[in-house]
Amino acid sequence: MALLVQKYGGTSVADPDRIRNVARLVKRAVDAGHQVAVVVSAMAGTTNQLVKWVDELDDGHFDPAEYDTVVAAGEQITSGLVAIALNKLGVPARSFQGWQIPLVTEGGHGKARIGEIPADSLKRTLQLGHVAVVSGFQGVSPEGRIATLGRGGSDTSAVAIAAAIGAERCDIYTDVDGVYTTDPRISDKARKIDRITYEEMLELASLGAKVLQTRSVALAMQYQVRVQVLSSFEDKPGTLVAGEDEIMESNIVTGIAHSKDEAKITLAGVKDQPGVAAAIFGPLSEANINVDMIVQSVSSDGATTSMTFTVGKTDLVRAKSVLDGLKSTVGIERVDADGNVVKISVVGVGMRSHAGVAHTMFQTLAARGINIQAISTSEIKVSVLIAADYMELAIRSLHSAYGLDAT
Ligand code: ASP
Ligand code: MG
């Protein structure tokens, strides 16, 4: 007998039939003798509709606490419906809203963090052999107001609940059957990964593999919650996200991710003297613009240099105008913006102990005539920025080069 958390995403609870299917999956675990806490998302499309209604009434100036009151409603509906479907199958179940647990939040509204979760009432329910059906995405602020955790936040709710009750595993049921070595829509040779470490999943999630909310992975790593990503539509094991001690496979590269969310800025004729980088990146950070990859070349004439870096695509216009404003004071000749780029990253904990991963990447891209515009690395990741047109070619070639292709 184990204590399990099962989380069902929006597509898995999209209509009454699918909710019945969810109830059957939960019943199967209960019949096998497990204690189950279920965490649910809003039915597919519901949260978008709720956000739209808010925007229609007041685009941007509304009280964030009232925004949360509205958008948290989707999960309340699903938790009640799932409890009803379970009861109908003879499985005793009750719903819990964030304030009823309580899942206490911190840090305001719209994108609150999770604070404390006293798990007593959940545990009492589970010990009675009843299923607790928890509304994901929502909690209660210290002021007693409904607060939400940011879009996609029910993954994070599920992991937090699993940590709070000490669950054996947190199963995230979704519409894909696991985490893949790369986006299967780009490469038909993508393979499902059986096991992946928290660190790798964190990199892949934040690099645009949109299976799990990044925060949920960070939380799982922090509390060592084992997470399984699997499909609610197919009956087969998914991908286990766990600590390195549980991962037997030894691929050097585990996955290849891409992000179309970044844009490139090149500064030419930048004065080469102390304090210039600070004078450039200071105003960007004050404008709340995140900078990712940074390349500065050595000055050839001793007087000026050039600098390339990336910012979020949605920040590109703002970044350009901030930088244009610095031209004369800081000493920058030209500011060029290019939104037509993509970041490709190879990720794997095996890189820590194997040399040559970056070399293979550069060589593979060179053989295809793909120019690298910027490079960044971390302990378990190498990223390159290339022209967007080459995205698919680059991903497929790298996927083969690292021996990831399905046979
Ligand atoms: N319903 C929320 C959203 O659509 C939370 C979630 O599904 O994870 O963002
Ligand atoms: Mg989701």
(message) Need a quick list: strands (runs of 3 or more DSSP E) entirely within region 332-381 having at least 3 residues that are basic (K, R).
(response) none
(message) Can you find, within region 12-48, the residue that is least open to solvent (accessible area, probe 1.4 Å) among those that are assigned to a helix (DSSP H, G or I) and either on the phi > 0 side of the Ramachandran plot or within 10 Å of ligand 1 (Cβ to nearest atom) (or both)?
(response) V13
(request) Collect the residues in region 210-227 that are away from ligand 1 (no atom under 16 Å from the Cβ) and open to solvent by less than 30 Å² (accessible area, probe 1.4 Å), keeping them in residue-number order. (result) V225
(message) Condition first: small (G, A, S) and open to solvent by 30 Å² or more (accessible area, probe 1.4 Å). Now tell me which residues in region 291-327 satisfy that.
(response) S297, S300, G302, A303, S306, S321, G325
(message) Taking the condition of being more than 14 Å from ligand 1 (Cβ to nearest atom), crowded, with 18+ Cβ neighbours inside 10 Å, outside any helix (DSSP H, G or I) and in contact (Cβ under 8 Å) with a residue 40 or more places away in the chain, how many residues in region 67-96 meet it?
(response) 3
(message) Just the residues that are crowded, with 21+ Cβ neighbours inside 10 Å, modelled with pLDDT under 95 and within 16 Å of ligand 1 (Cβ to nearest atom), please, taken from region 167-197.
(response) T174
(request) Return the total of residues in region 238-267 being open to solvent by 20 Å² or more (accessible area, probe 1.4 Å), of a type in the set (G, A, S) and at pLDDT 95 or above. (result) 0
(message) Condition (residue is without any contact (Cβ under 8 Å) to a residue 24 or more places away in the chain, open to solvent by 30 Å² or more (accessible area, probe 1.4 Å) and closer than 19 Å to T78 by Cα) applied to region 144-166: is it met by at least one residue?
(response) no
(request) Enumerate the strands (runs of 3 or more DSSP E) found wholly within region 124-233, keeping only those where 1 or more residues are over 19 Å from I101 (Cβ atoms), among the hydrophobic types (A, V, I, L, M, F, W, C) and out of contact with any helix residue (DSSP H, G or I) (no Cβ under 8 Å at 6 or more places or on another chain). (result) 227-231
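The values are calculated or read from the model by the stated rules, or taken from the named source; none is laboratory data. Just so we're clear, the structure is a prediction, and the values are computed from it rather than from any experiment. Cβ: placed from backbone, ideal geometry, glycine included. Neighbour counts: every protein chain shown. The accessibility values were calculated without ligands, DNA or RNA, using every heavy atom of the protein model including side chains. Shrake-Rupley method; radii C 1.70, N 1.55, O 1.52, S 1.80 Å.
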